Structure formats: structure tokens, C-alpha cells
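> Have a look at the structure that comes next, please.
The values are calculated or read from the model by the stated rules, or taken from the named source; none is laboratory data. Keep in mind it's a predicted model, so treat the numbers as computed, not measured. Counting neighbours? That spans all protein chains shown, and the Cβs are built from the backbone with ideal geometry, glycine included.
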Amino acid sequence: MTGSTGRAGRDGEHEPPQPVDVHRLEVTHVEQDAYTVDVRGHRLRVDQPLEAGGTDTAPTPTELFAASLATCVAFHAGRYLHRHGLPRTGLRVRASSPWPPTGRPGCRPCAS
């Protein structure tokens, strides 16, 4: 699906709307607390640790969220270095989360 946005040109008049790409993803229940996420032909899996009632077959959604933020930072830092002729060798981003894998601090697994 595409949408459109108009924007003002140099003379203040609006240019015709430009198409906006909309990327969709789909989340599907697999088993217990495990889900798959399909994005542009790629499949990711999320789960919960054993102590939270999951099967620990994949990162938790919270871990995947933190990983997405960290990889976004690494990607843009790498682009900056590349644009300025600097090597990306050794570029590393570390992230941490105050939440345990089961959710917010003090969160206990839900009863099934």
C-alpha cells in the first residue's frame, strides 16, 4: 500500500504528493510463547526463557527491540565513518536493558 505526502517547493507552492512505501510485517503464533515475524521475505522468531514459561528457542521481544536499536546506531555510525573515509573495522555498539527477559522489573510469568 502506498500513501502520499505533499510538500512545499522553493516558491512556496505545493509539489504533487509523492508515494510513500509502506512495509508490512506479520506476526504468527507458533507454540506456547513463541512467535514468528515475517518481514520482506525474512523470518525472525521470538520466545520467552524457560523460567518465564517459554521454550527459549529465540530472543525475547524486548531483547529483539534492544537489538534493533543497537543495530540502527551501528548502521548509522558505520555510514558516518564510511562517508568520512574512516574504517568501520572494530566498530561495536553495546546495549543493555534494565528489564529482565520476562518483562519489567519484578514481573512474574503469567499463569497459564
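> Scan T55, T36 and give me the residue that is part of a loop (DSSP other than H, G, I, E, B), surrounded by 10 or more Cβ atoms within 10 Å (Cβ to Cβ) and of a type in the set (S, T, Y).
Within the list T55, T36, the selection yields T55.
> Kindly evaluate V20 against the criterion of being aliphatic (A, V, I, L, M) and at pLDDT 95 or above.
For V20, the condition - aliphatic (A, V, I, L, M) and at pLDDT 95 or above - is not met.
> Given the options V46, V73, V37, name the one that is touching a strand residue (DSSP E or B) at 6+ places or on another chain (Cβ under 8 Å) and closer than 24 Å to D21 by Cβ.
Only one candidate passes the filter, namely V37.
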